[in-house]
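The structure appears below as C-alpha cells.
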Amino acid sequence: MMRMEPVDLEGRTALAIEVKLPKTTLLVVTTDKGYIMCGALDVGLLNERLRERGIIAARATGVKTIEELLDAPLESVTYGAEAIGVVPGMKGRDAVALMF
C-alpha cells in the first residue's frame, strides 16, 4: 500500500510518501530539489557512485512514521545536501526547509 500527502513546512508544501512493504515501511519527504528518507536510503551509494548527479538527500534512522522522520536528527547526508547547508544531526524538517 502506498500513501501520499502534502506536508506544510513554513508555508511551503512538500510531499510525504509512505510505502508499506513486507516487514518494513519506506518513508520519504520530498521537494523538487531534494528529499529526506528513512534508513533504507544508501547515502554512501549516492555520494560515491552517483556523485556527479549532485543528489540532495539525507537519511534518518529508527523512524516509523512521517512525523518521526521530520522530527528525527539526520544520521547522514549527501555531498549535495551539505552544499546547501544540510548537516548530520539537523532535524528532518529543518533540512527539508532548505530543499525548497
What is the Cα centroid distance between region 1-67 and region 68-98, reported in whole angstrom?
11
What percentages make up the Cα-Cα pair-distance distribution of region 12-55 when the bins are 5 Å wide from 0?
5, 19, 23, 23, 17, 10, 2
Semi-axes of region 60-100's equivalent ellipsoid from the Cα gyration tensor, sqrt of 5 times each eigenvalue, largest first, rounded to whole Å?
17, 11, 7
In debye to the nearest 20, the charge dipole size for the chain, taken about the Cα centre with +1 at each Lys and Arg Cβ and -1 at each Asp and Glu Cβ, equals 260
Tell me, what HN-Hα J-couplings in whole Hz come from the Karplus equation 6.51 cos²θ - 1.76 cosθ + 1.60 at θ = phi - 60° for each residue of region 60-67, using x for Gly and Pro?
10, 10, x, 9, 10, 9, 4, 4
Separation of the T24 and A40 label points, Cα + 7 Å toward Cβ, nm:
0.7
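What longest range of the chain stays clear of loop-exposed trypsin sites (Lys or Arg not before Pro) (DSSP non-H/G/I/E/B, at most 10 other C-beta within 10 angstrom)? Show your work: numbers first, answer last.
Working: sites that count: K23, R49.
No qualifying site falls inside 50-100, the longest such stretch.
Direction-averaged shadow area of the convex hull around the Cα atoms of region 3-100, nm²? Let's see the in-between values first.
Details: hull surface 23.2 nm².
In nm², the orientation-averaged hull projection of region 3-100 is 5.8.
Got a number for carbon plus sulfur as a percent of region 5-100's accessible area, 1.4 Å probe?
Answer for region 5-100: carbon and sulfur cover 51 percent of the accessible area.
The values are calculated or read from the model by the stated rules, or taken from the named source; none is laboratory data. Predicted model only: the values in this text are computed from it and were never measured. Glycine gets a Cβ as well: all are built from the backbone with ideal geometry, and neighbour counts include every protein chain shown. Accessible surface areas use protein heavy atoms only, side chains included; no ligands, DNA or RNA. Shrake-Rupley method; radii C 1.70, N 1.55, O 1.52, S 1.80 Å.
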